[in-house]
Amino acid sequence: MLWVVPYVTADGRDFCFTENGAKSGDEKRNLLRTDDGFACLLRWWNGYSATYNLANEADRELLGGILKRLMTDYGVDGFKFDGGDMVSLLPENIVNGRQSSFAPEELNTAWNDFGTKFEFHEFKDTFKGGGKSSIQRLCDRNHRWKDNGIDSIIPAALMQGLIGHPFICPDMIGGGEFHANYDPNFKTDEELFVRMAQVSALFPMMQFSWAPWRVLSEKGQALCKKAADLHAEFADYIVENVKKSAVSGEPIVRHLEYQFPNCGYEKINDEFMLGDKILVAPVIQKGATKRTVVLPEGWWLYLGKTLCKGGRTVESDAPIDVLPYFVSAL
């Protein structure tokens, strides 16, 4: 999957063509425009750009053609549709086709509707996206153990599922808010990177945008591959839960209190259920090789092998090469 945004750099060929060679009729002109007819320039984190207006058919055809050619010519499977927060960047004097005014969130909705036409997709910003069959990732995490880092992935995912967004993708493994491109003294925390891969392994999706072979030792790479292999091992079970959720709307990544109501689990936010059969308890503390796990009533198989009695808190072995998980034995 390739990362793509709705923005068009103002010093590129596509901007010059769409700005100066627009089709006849204002309603067919490409790009979002100001009321004087010129392309609207927005300031995003990576500079100034014009933006496609996916509420207009002309832009849907233009960008859609570009993306489909990437799929045909280069074998791209799908796209990570970022930049849906363009509504927060808009000036006051914009127009939408022939309308003099419109609700800015229409741009976000149109961007998301456009992206869901591609089988493999992912969004960060969705307005009223609850209940829709679209894959929505968590907002950017820091490359840290605390302060919006690995500590925030599970709580955010649990909340996302509870408010109607079951098709969850965590942020990129390693974190999306990092300064490796800007800080010459930045160093990857290999242990953190591996533990982030393990947290993501039993989510509906996991994504590497940092390439492990660029930032990790051979051991670290092997541990990340092990996490990815675990994800593949449970692929059929994950897809089964995705299909169920598409009908019921239930979370796939579930809070223990949701799955086992009235058991006093409402404050547990460092474990989760994947569907109704697998309890996942990742390590999210630096240097930890064990962790306590609250096991609900019943019988559980640690790592799918060792039988454990539930209804109690247990101490689980969790060396760097292990993601603690328990499969219901019922």
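The values are calculated or read from the model by the stated rules, or taken from the named source; none is laboratory data. All figures in this text were calculated on a predicted structure; none of them were measured in a lab. Heads up, the Cβs are rebuilt from the backbone with ideal geometry, glycines too, and the neighbour counts pull from every protein chain shown. Accessible surface areas use protein heavy atoms only, side chains included; no ligands, DNA or RNA. Shrake-Rupley method; radii C 1.70, N 1.55, O 1.52, S 1.80 Å.
Details
- Val199 being open to solvent by 30 Å² or more (accessible area, probe 1.4 Å), within 27 Å of Phe326 (Cβ to Cβ), of a type in the set (Val, Ile, Thr) and at pLDDT 95 or above: no
- The listed residues are Gly12, Gly64, Gly75, Gly47, and the only one of them that is open to solvent by less than 10 Å² (accessible area, probe 1.4 Å) and either under 30 Å from Met172 (Cα atoms) or at pLDDT 80 or above (or both) turns out to be Gly64.
- If the condition is being surrounded by fewer than 15 Cβ atoms within 10 Å (Cβ to Cβ) and of a type in the set (Asp, Glu), then segment 255-275 contributes only Glu266.
- Taking segment 30-76 as the range and being in contact (Cβ under 8 Å) with a residue 40 or more places away in the chain and among the basic types (Lys, Arg) as the test, the residues that pass are Arg33, Arg43, Arg60.
- From the options Asp147, Asp229, residue that is on the phi > 0 side of the Ramachandran plot, free of Cβ contacts under 8 Å to residues at least 24 places away in the same chain and not aromatic (Phe, Trp, Tyr): Asp147
- Within segment 288-297, if we keep just the residues that are of a type outside the set (A, V, I, L, M) and either exposed (fewer than 15 other Cβ atoms within 10 Å of the Cβ) or touching a residue at least 40 places away in the same chain (Cβ under 8 Å) (or both), the residue that is farthest from Met196 (Cα to Cα) turns out to be Glu297.
- Residue ID - most open to solvent (accessible area, probe 1.4 Å), chosen from residues in segment 110-143 that are modelled with pLDDT of 90 or more, closer than 26 Å to Glu57 by Cβ and among the hydrophobic types (A, V, I, L, M, F, W, C): Phe120
- For segment 201-226, a tally of residues being among the small types (Gly, Ala, Ser) and touching a residue at least 24 places away in the same chain (Cβ under 8 Å) returns 4.
- Scan of segment 216-252 for residues that are closer than 22 Å to Pro166 by Cβ, surrounded by fewer than 12 Cβ atoms within 10 Å (Cβ to Cβ) and not aliphatic (A, V, I, L, M), ordered by number: Asp236, Lys243, Ser248
- Filtered by the rule that a residue be open to solvent by 40 Å² or more (accessible area, probe 1.4 Å) and either within 25 Å of the chain's Cα centre (by Cα) or on the phi > 0 side of the Ramachandran plot (or both), segment 28-43 gives a lone residue, Arg43.
- Members of segment 205-215 that are open to solvent by 50 Å² or more (accessible area, probe 1.4 Å) and either among the small types (Gly, Ala, Ser) or within 19 Å of the chain's Cα centre (by Cα) (or both): Phe208, Ser209
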